[in-house]
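Here's the structure we're looking at; comments come further down.
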Amino acid sequence: MTDFLLELRSEEIPARMQEKARADLASLFEARLRALNLEYGAVESYATPRRLALIVRDVADATQPMSEERKGPRADAPDQAIQGFLRSTGLTREQLVARDDGKGGQVLFAVIERPGLDAPAVLISACMNAIQSFGWPKSMRWGDASISTESLRWVRPLQGIVAMFGEKIVPFEAAGVKSGATTVGHRFHHPAAVTLGGASDYIEKLRACHVIVDGAERRGIIALGAKMAAAKAGLTLIEDDGLLYENAGLTEWPVPLLGRFDEDFLAVPPEVIQLTARVNQKYFVCAGKDGKLANAFVCTANIDAADGGAKIVEGNQKVLAARLSDARFFYETDLKTRLEDLQPKLEKIVFHEKLGTVADKVDRVAKLARWLVEEGIVTSSPSPLRGEGRGEGQPSSSASPAAQAPLPTLSPEGRGLLADQAERAARLAKADLVTGMVGEFPELQGLMGGYYAAAQGEDPAVAEAIRDHYKPVGQGDDVPTAPVTVAVSLADKIDTLVGFFGINQGPTGSKDPYALRRAGIGVLQLLIDNNLQIESDYLAARAFGGKYVDHFVGAGTWDHANTNVATDVMLFLVERLKVQQREAGVRHDLIDAVVSLGEPNLVRLLARVHALQAFIGTEDGRNLLAGYKRAANILKKEGWESADKISLSYTPEPEENALLQALDSAEPLAAQAIGREDFEGAMAALAGLRAPIDAFFDKVIVNDSDPAKREARLSMLARMRAAVHTVADFSKIEG
């Protein structure tokens, strides 16, 4: 068993490509070794800015001989068919084997013996296959050969190849570069040729030449060195995994160095400073003892400088100062214009050709955000799960299908102020899209609007809503709870969903160009975390009304009717909820059991699901499910649907009376609990049916010869089924 080394050296490989390239090289190489039946042990792969490397441990000296059998034509087939088969196998007619086909005839077979191949031949094949079929995100051709589309494509011009089996060179050529045993060290510390002895000394020999080939090791050096540099200055490093990988992908000999910038720049929002340092210069930033951003950064040099890095730090400080000066200019210039004065510019930005401009969207969101507060859906504070009744000023059930929670005490003036704040925040929320800072750093949209709103004296609740109205932007992101922010964020996301579903641009398969799945998850998190009690289809229908109906339906650009859009959005949100809950460990069949009831209030739907999961995990739950399944099977077989009032024209069995009494008790208790949204209580009420239904099946013959008894008993089972269905459709539950 011998180790094999492959190094492919080129000009700089972009940092973002290195980790995947390293894994892809190992995958391609292993696939070829398996296909050619060459045994091997562990595979290690490495990447630096200038090289991809692979070490295959314990490679066998040769492949095992193989025997391949191929079925040919019948023995009495035309000579032309037999000759064609012989040409494809390289055998003669005498070398073919005839075997009975079980039908009185014979079929010809070719048995081809393939001798074992020496490891170097297989390794050459694996190397060429990996190089020629490598899939870089971006690649290029170079040199004179580049005039042909058949020439090799690589991420950057290939400069050297090392291929060694043990201490011997595995000879081959790719793109005019011949394999050998020579590489180069660090560009500055050791640019001369380095002769390798094989895989055994590859890593350590390059380390001696100031090249650390293992990306994980480089990341560890940067992480520890940056923390130590910050700690030495009495600061704390603000960690950033993405930046850690990027710096490791830019260096072969990383040396973290601490630098400083002028404290005056700290007047710029800290997010701007951090983004400027990160995006433009790949620097880490630091925090002081007070937790606030400090005027310090950590850069990663690719050289162990004789002066300890003083000149490197000085140069990086000058570059960062220039960048921060630009950022401060944008910030100070933006502050000179009030957000409302920027709104006319939104009329020139197209949100979507069928959905109007950003200004149109702002108008819709502002009206919807105000309505969410005025209707009491978003209150002055998150409300607990509601009890019976509605709060003062809330619409009655006949006025709207919104299921409201009792409002905390809030005067009409207070609610009006909240509605004004929500509308104001929504109308200003998108204004920062046309500022210089967001034009430079689109990642800061919303955040900068919040800073500008605070600077121009807007109410803190308005500034906070502008800052956070894009949240949550994905799983794990903070979910707003401030009422004004919740109203604007929910209105913005619902408007987006309704708009794109209205023009038939919903997600399809893996395609989601408008990030509607992310918007849907955001809506769910806002509704659930803030316990917003509203039917999702009603909310979508409200969003569809007004501006959409007036301006787009009349213009003929809509492909759905109002109700269809609302229903489509509701079903989409339910599907997102199902996916989200499955990922959280909730059984899919329990979700389906509740979803099938058509519950449009997603907060209530989720509460039902959690209560059902807890109940089914108990002995009462499992036994009731078994009884339900038995009853449902009998009813299905008999085609019995009626659960009307049961008429007993005979003397019932004690078990029948017991079941009827249990139903008389459980049905109202379950209904009352559901009315209180106490789904655990509803389950507990249904648990009282367990013993009576068990006894009923043990002692009572359902399909009695007496038609009156049969009808009454089937109706009892149908009533039991209907009682259970008030909480969930148990027919969807597995087990």
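3J(HN,Hα) couplings calculated from phi for segment 270-276 with the Karplus curve 6.51 cos²θ - 1.76 cosθ + 1.60 (θ = phi - 60°) are, in sequence order, x, 4, 5, 4, 5, 5, 4 Hz; Gly and Pro show x. Counting neighbouring beta carbons within 10 Å and listing from fewest to most, the residues VAL97, VAL177 come out as VAL97, VAL177.
At 0.36 nm per residue, minus the direct Cα-Cα distance, what do ALA42 and LYS232 gain on full extension? Give it in nm, one decimal, please.
So the extension gain works out to 64.3 nm.
Under 5 Å between amide hydrogens, built in the peptide plane, is the criterion, and for ILE112 it picks out GLU68, GLU69, ARG70 among residues at least 5 positions away or on other chains. Residues whose amide H comes within less than 5 Å of that of ILE349, counting only those at least five positions distant or on another chain, are VAL358, ALA359 (H built at 1.01 Å from N in the peptide plane). For q values of 0.07, 0.11, 0.12 Å⁻¹, compute log₁₀ I(q)/I(0) with the Debye formula on a Cα-only model of the chain, without solvent. Log10 of I(q)/I(0), two decimals: -0.82, -1.15, -1.22. Sorted from longest to shortest, the spans of the Cα atoms of segment 106-166 along the three principal axes equal 56, 36, 23 Å. Taking trypsin sites (Lys or Arg not before Pro) in DSSP loop states with no more than 12 other Cβ atoms inside 10 Å as exposed sites, the chain has its longest site-free stretch at 349-644. Inter-part distance, segment 592-657 to segment 484-545, computed on C-alpha centroids, equals 33 Å.
Students often forget the sequence filter, so: which aspartates and glutamates lie under 19 Å Cα-Cα from LYS138 once same-chain residues fewer than 8 apart are removed? List returned: GLU11, GLU12, GLU19, ASP24, GLU150, GLU246.
Which pairs break 20 Å Cα to Cα here: LYS636/LYS709; LYS232/LYS292; LYS578/LYS636; LYS227/LYS289; LYS361/LYS493; LYS345/LYS493? Too far apart for the 20 Å limit: LYS578/LYS636; LYS345/LYS493. The charge dipole of segment 607-732, taken about the Cα centre with unit charges on the Cβ atoms of Lys, Arg (+1) and Asp, Glu (-1), comes to about 360 debye, rounded to the nearest 20.
For segment 215-335, what is Rg from Cα atoms divided by 2.2 N^0.38 Å, rounded to two decimals?
1.03
Counted by neighbouring Cβ atoms within 10 Å, the residues MET164, MET128 run from fewest to most as MET128, MET164. Think of the chain as having a plus end and a minus end, set by charges on the Cβ of Lys, Arg, Asp and Glu; of LEU355, TYR46, ALA163, ALA163 sits farthest toward the positive end of this dipole. From its DSSP helices (H runs of at least four residues, each -39,500 (n - 2.57)), the chain gives a residue-normalised ellipticity at 222 nm of -15500 deg cm²/dmol.
Report, ordered by chain and residue number, the aspartates and glutamates lying within cross-link reach of LYS732, taken as a straight Cα distance under 20 Å and ignoring same-chain residues fewer than 8 apart. In chain and number order, the partners are GLU575, GLU583, ASP589, ASP592, GLU599, GLU619, ASP620, GLU638, GLU641, GLU680.
Considering only ALA126, LEU257, THR508, the residue lying farthest towards the positive end of the dipole of the chain is ALA126, judged by Cα position with unit charges set on Cβ. Centre-to-centre separation between the Cα atoms of segment 254-311 and those of segment 30-87: 53 Å.
The numbers here are math on the coordinates, done by the rules we state, and not lab data. Small disclaimer: the values here were computed from a predicted structure and weren't measured. Here the Cβ is made from the backbone with ideal geometry for all residues, glycine too, and neighbour counts use every protein chain on show.
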